[in-house]
Amino acid sequence: MIPASDSYDARLVERRRPFDRMESRIVRLHLEKPSAETDQVVDALRYVVSFARLTTVKNASERDVDVHGVLGLHAQQVSDLLAPRLDGATSLWEAVRVLPDLVERTLRVRKSVLDHLPVDREALESEVTTRLLAVVSGGGGGAGYAYPGCYEELERNGLVPNLMVGTSIGGLMSMFRARRKRFDPVPMVQAGRSLSWSNVFRVLESESRYGLPATLRLYLRTAIGNLFRHSDGRPVRISEMEIPLYIMATGITVDALKHDLHWYEHLLDSDVKRTLRGSISGVAKTAALLREFLARPDALVEMAIGRAPGTEQFDVLDAAGFSAAIPGVIHYDVLRDDAHMKRVLDELYASYGITRLGEGGMVANVPARVAWETITSGKFGRRNSFVLALDCFAPNPRMIAWVPFTQMVRSANVDANRAFADLYLPLSRTLSPLNLVPPIRDFLQAMRWGKEEMKPHMPYITTMMRPIPVLHEPVVGTL
């Protein structure tokens, strides 16, 4: 798979992710046996870990100051002292025993950084004590209608995402969430009431220009276009979301295509004609086709629309449409008279050497890495992230017929992305992936399921997102 950006830095992953996991372990151990008496100790441990994780700090002059090398030895010492005491621990007692030493080291090194580097105290403490929330929503067809319930539970707990990243149905749901900082599910529900299979999908011959031909044609603009237009009629660009939004798509090169375009266009004709919405035999054909694409990752380009250079002014509906365009199943294209989007797409195709755009799940069905990389790169100022990865298409015994398909996607790219999630949440109660345009009753039920599945995880999420008190003096405590 060819990345569409060069932001991936193995050095940062190696340095930061172990400390992310340490902080997570500290919080989880604390939540297993919560006690007001131990809060101060937990805060001190979190500060020590977060300080050791520092790699770059943006100072008051908006200049990035590299502290990676200066803190290298200190970070290794913290890891050597703390990691063995957290691995396999049932309480924080072992960690507390080394806390005075960790605090002393941290205070001493912090003073040295402030004395010798162009970093001001306020900027450093902001970087150490606060996190940015990235919410990742994976692909999975109709199963993704559970996501708005997850977003609603975050909203109820006062958590507003700093970044939304989505694939396919996850991109579509993320698009609704990112419209406004304050989450209001009403427009989404109202849109759901008006949707029907006939105004979302059509089976007809049409031109293919930027998307890969398929049996079903997706008409997002007809279905929900009115919700993503400005008052003057201009379409909303992905850069105009109130919450930054990236939508994953796959750039398909000529080398990835093993059949002529006519073959893809008519792959599922017989299945769709029998049942309109397809069949299990159609699922099998789709799985076989996706297996062909996944066998050539070198011929696929990971495209984070909104982040990849040249995609910032993408029409947000077009981004969601291409992300949901499953090869052989769903065709999305820009065939309308739109000089802006045609220019964007032509330049994009030329820059990345692709011939078609399609389903984002072929490169990143749960794109946690893109979320983590983006925040760690400093694009939003601070670099500490909490990545919540929601997966509606995880292998699920409730949907046994889909397990081979979901396992294929998991091994292709989900497992690798999970390593970048601070919380990976596979949703166990969802609608069928084939239920692409559900009745409003099913949609509301799916939202309730998503909300219920999020609730048990909220203490962990809210604790991890809570700012860490600044470390002033050594903390002595017992558990």
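Identify the residue in the range 434-451 that is hydrophobic (A, V, I, L, M, F, W, C) and more than 18 Å from GLN190 (Cβ to Cβ) and, among all such residues, is surrounded by the most Cβ atoms within 10 Å (Cβ to Cβ).
LEU436
Looking at the range 319-363, which of its residues are on the phi > 0 side of the Ramachandran plot and either surrounded by 24 or more Cβ atoms within 10 Å (Cβ to Cβ) or of a type in the set (D, E, K, R) (or both)?
Listed by number, the list holds a single entry, GLY328.
Do you know which of the residues in the range 199-217 that are touching a strand residue (DSSP E or B) at 6+ places or on another chain (Cβ under 7 Å) and of a type in the set (Lys, Arg) is least open to solvent (accessible area, probe 1.4 Å)?
ARG217
Can you tell me which condition ASP298 does not meet? The list is (1) open to solvent by less than 40 Å² (accessible area, probe 1.4 Å); (2) charged (D, E, K, R); (3) over 26 Å from LEU132 (Cα atoms), and all the others hold.
So the condition that ASP298 fails would be (1).
Looking for something more than 17 Å from SER174 (Cβ to Cβ), open to solvent by 20 Å² or more (accessible area, probe 1.4 Å) and either out of contact with any Asp or Glu (no Cβ under 6 Å at 6 or more places or on another chain) or free of Cβ contacts under 8 Å to residues at least 60 places away in the same chain (or both) - is there at least one such residue anywhere in the range 364-377?
Taking every residue of the range 364-377 in turn, at least one turns out to be more than 17 Å from SER174 (Cβ to Cβ), open to solvent by 20 Å² or more (accessible area, probe 1.4 Å) and either out of contact with any Asp or Glu (no Cβ under 6 Å at 6 or more places or on another chain) or free of Cβ contacts under 8 Å to residues at least 60 places away in the same chain (or both).
Just for the range 78-100: of the residues that are out of contact with any Leu (no Cβ under 7 Å at 6 or more places or on another chain) and of a type outside the set (D, E, K, R), which one is most open to solvent (accessible area, probe 1.4 Å)?
THR90
Please state which one of LEU195, LEU227, LEU220, LEU245 is surrounded by 14 or more Cβ atoms within 10 Å (Cβ to Cβ), among the aliphatic types (A, V, I, L, M) and touching a strand residue (DSSP E or B) at 6+ places or on another chain (Cβ under 6 Å).
LEU245
I'd like to verify a number: residues in the range 33-50 that are over 28 Å from ALA123 (Cα atoms), touching a residue at least 12 places away in the same chain (Cβ under 8 Å) and either open to solvent by less than 30 Å² (accessible area, probe 1.4 Å) or assigned to a helix (DSSP H, G or I) (or both), how many?
The total comes to 1.
Among the listed residues PRO187, PRO148, which satisfies the condition of being assigned to a helix (DSSP H, G or I), within 30 Å of PHE386 (Cβ to Cβ) and open to solvent by 20 Å² or more (accessible area, probe 1.4 Å)?
Going through PRO187, PRO148 in turn, just one is assigned to a helix (DSSP H, G or I), within 30 Å of PHE386 (Cβ to Cβ) and open to solvent by 20 Å² or more (accessible area, probe 1.4 Å): PRO187.
Out of the residues in the range 416-465 that are among the hydroxyl-bearing types (Ser, Thr, Tyr) and in contact with a strand residue (DSSP E or B) (Cβ under 8 Å, 6 or more places away or on another chain), state the one that is farthest from ILE224 (Cα to Cα).
TYR460
I'm checking my understanding of the structure. Among residues of the range 55-77 that are in contact (Cβ under 8 Å) with a residue 40 or more places away in the chain and open to solvent by less than 20 Å² (accessible area, probe 1.4 Å), which one is nearest to PHE19 (Cα to Cα)?
Within the range 55-77, the match that is nearest to PHE19 (Cα to Cα) is ALA75.
Just one of ALA419, ALA446 is within 26 Å of LEU31 (Cβ to Cβ), small (Gly, Ala, Ser) and under 21 Å from the mean Cα position of the chain (by Cα); which is it?
Result: ALA419 is the single residue among ALA419, ALA446 that is within 26 Å of LEU31 (Cβ to Cβ), small (Gly, Ala, Ser) and under 21 Å from the mean Cα position of the chain (by Cα).
With respect to PRO395, determine if the residue is outside any helix (DSSP H, G or I) and surrounded by fewer than 21 Cβ atoms within 10 Å (Cβ to Cβ).
yes
The values are calculated or read from the model by the stated rules, or taken from the named source; none is laboratory data. Predicted model only: the values in this text are computed from it and were never measured. When we count neighbours, we look across all protein chains shown, and the Cβ atoms used for this are built from the backbone with ideal geometry, even at glycine. For accessibility, only protein heavy atoms count, side chains too; no ligands or nucleic acids. Shrake-Rupley method; radii C 1.70, N 1.55, O 1.52, S 1.80 Å.
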